[in-house]
Amino acid sequence: MSSAPRPLSEAAEHAARVARLPLSPERLQIVGPTAELVYTLIDLMDAVPLGETPPATAFDPRWDR
Amino acid sequence: MEPYQLTLDSAAAEIAARRLSPVELVDSVLRRIDATEGAINAFACVTADLARDAARRAEEEIAAGRHRGPLHGIPLGVKDLCDTAGVATTASSKVREGHVPDRDSAVVERLLAAGMVMVGKTHTHEFAYGVVTPTTRNPWDVGRIPGGSSGGSAAALAAGACMVGVGTDTGGSIRIPAALCGTVGLKPTYGRSSKRGIAPLSWSLDHVGPLARNVRDCALVLNAIAGADPLDPSTLDAPVPDHTAGLDGGVSGLRVGVPVNHFFDAVSDDVAAAVRGAAAVLEGLGARLKEVTVPLADAMMAAGWAIILPEASAYHQGSLRERADLYGPDVRLFLEAGELVLATDYIKALRVRTLIQQGWAEMFEDIDVLIAPTVPLAAPPVGTAMIPWPGGGVEDVTQALVRLTLPANLAGLPSLSLPVGFDAGGLPLGMQVIGRPLDESTVLRVGQAYEDASDTVGRLAPL
């Protein structure tokens, strides 16, 4: 998997449209760089070998809880 | 001594012995609120009339022999994230201005059923999405923040303006303000108490718990709020012990882990000295200190934020599109950025969380509790955005305050913060005691042992 930084400053407008979140050009100027910083942090998880580890989810199918 | 200066446990004894009336007690607290609110602004609203009515009912019930227990007649501050029937619940946000729930949240239901007297709704950082609580000031120094997001509860408690505060903790929001305001604060095991009726920040990481003046007071409140709730699927169907039983059992032979990584990295000298001093106190009481390495430390913040951001944004999707301008700028930015986190990254974080759980379980094979600083420094001044560290580095204030508390949220483990010292300026310094799942009793026992052997717990701010 690539370890290149994610260009969210450029992609934020498209990403926001996919999310159906209308962001003005002014908001994009702020949100894009913040999202990039967020992903710089999130991408620290790339160093964790996940193997076959399942996600920690909480769904309990029993009806009589 | 004024009644508001009593601890919960002491006030409860006075009430049970009919030496103190709940009416006298709530009047004392309401006068204290009047005296301090101008300086600290801990309350979103003060419910003085409701409190006096509830105190009169408590007095009548107790006189009639219907004493509900140690919480009966005790003044309570409720974080304004938690629904209170007929009383505005705004999450300290313009988005919820004027919102009045018609049903109490589960935690409020249980505490009112125990006879507590709500004196008001305490300020939260907007929707719990921050660690500053900008509305409120620290009673130890009103030029400093109380921390957050349960900053109003911590500030009110530290000022003597309530005897118990309800808080919530997603990345540290009970323990951070507890540490910065010199109170005790308990984040229980994930799922130990119901979050029904509390606006979520991050369902997977949210916890609800008490702030109180000392360890026994926390234990008494935990007894009332713990337990499964069929209407909150995250709650655990596990028995609730009496958390005050064994509280005085001491720590002889207990294995206390002291981390060699993460928790003492980049902390102030005062904090490190205070926590290591507390460790020495516990060792002097017979505990066995053991150095441990915390697993996956470098991935904690990444995993935590990758969970919190999209979960928070999912909850606020509608409001963010319809009323974005009503959010504060910091919260709005987090919510918008959270919309851009990919589902695959969120799931990656949940997988890392599984490894964190496994790694901490392995670490706890050799220890009974882990002790560590709660936050790396004393309360920063109001308006601080970046924390300067020796050596020239700077750190975002939110990151700095969250990095030591977030691990216990990810691991879902109980964590008790208590004051273990004061810096050169007289500001409180906090230590956290982290335990095994559902082992709040051991965590509280360690806290009680430290409290009994020291003089740092139970002080009110000299406001």
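Numbers at a glance
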| quantity | calculated |
| --- | --- |
| Residue count for the stretch B:26-43, restricted to those that are within 16 Å of B:D53 (Cα to Cα) and either in contact with an Asp or Glu (Cβ under 8 Å, 6 or more places away or on another chain) or outside any helix (DSSP H, G or I) (or both) | 1 |
| Total residues in the stretch B:410-432, condition aliphatic (A, V, I, L, M), more than 13 Å from the chain's Cα centre (by Cα) and closer than 30 Å to B:I347 by Cα | 3 |
| In the stretch B:357-380, residue farthest from B:L418 (Cα to Cα) [restricted to those that are surrounded by fewer than 21 Cβ atoms within 10 Å (Cβ to Cβ) and polar (S, T, N, Q)] | B:Q358 |
| Residue check, B:A314 within 14 Å of another protein chain (Cβ to nearest Cβ), surrounded by fewer than 23 Cβ atoms within 10 Å (Cβ to Cβ) and not in a loop (DSSP other than H, G, I, E, B) | yes |
| Conditions (1) at the interface with chain B (Cβ under 9 Å from one of its Cβ atoms); (2) small (G, A, S); (3) touching a helix residue (DSSP H, G or I) at 6+ places or on another chain (Cβ under 8 Å): number failed by A:S3 | (1) |
| Tally of residues being more than 20 Å from B:L410 (Cβ to Cβ), in contact with a helix residue (DSSP H, G or I) (Cβ under 9 Å, 6 or more places away or on another chain) and assigned to a helix (DSSP H, G or I) across the stretch A:6-59 | 20 |
| Test result for B:Y327, touching a Pro at 6+ places or on another chain (Cβ under 6 Å) and either within 30 Å of B:V420 (Cβ to Cβ) or more than 8 Å from chain A (Cβ to nearest Cβ) (or both) | no |
| In the stretch A:29-53, the residues that are buried (at least 17 other Cβ atoms within 10 Å of the Cβ) and more than 7 Å from chain B (Cβ to nearest Cβ) | A:G32, A:E36, A:Y39, A:D43 |
| Tally of residues being surrounded by 22 or more Cβ atoms within 10 Å (Cβ to Cβ), over 15 Å from B:A91 (Cα atoms) and out of contact with any Leu (no Cβ under 7 Å at 6 or more places or on another chain) across the stretch B:191-203 | 2 |
| Residue within the stretch B:222-240 that is surrounded by fewer than 20 Cβ atoms within 10 Å (Cβ to Cβ) and either of a type in the set (K, R) or away from chain A (no Cβ under 14 Å) (or both) present | yes |
| Some residue of the stretch B:200-207 being part of a strand (DSSP E or B) and of a type in the set (G, A, S) | no |
| Verdict on A:R62 being touching a residue at least 24 places away in the same chain (Cβ under 8 Å), in a loop (DSSP other than H, G, I, E, B), more than 9 Å from chain B (Cβ to nearest Cβ) and of a type in the set (D, E, K, R) | no |
| Which numbered condition A:A56 misses (of (1) surrounded by fewer than 19 Cβ atoms within 10 Å (Cβ to Cβ); (2) in contact with a Lys or Arg (Cβ under 6 Å, 6 or more places away or on another chain); (3) under 21 Å from B:Y315 (Cβ atoms)) | (1) |
| Which listed residue is buried (at least 23 other Cβ atoms within 10 Å of the Cβ), in contact with a Phe, Trp or Tyr (Cβ under 9 Å, 6 or more places away or on another chain) and either within 14 Å of chain A (Cβ to nearest Cβ) or among the polar types (S, T, N, Q) (or both), from B:V433, B:V341 | B:V341 |
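No lab work stands behind these numbers, since they all come straight from the coordinates. Remember, it's a predicted structure, so these values are computed and weren't measured experimentally. Cβ coordinates were reconstructed from backbone atoms using ideal geometry, including for glycine residues, and neighbour counts include every protein chain displayed.
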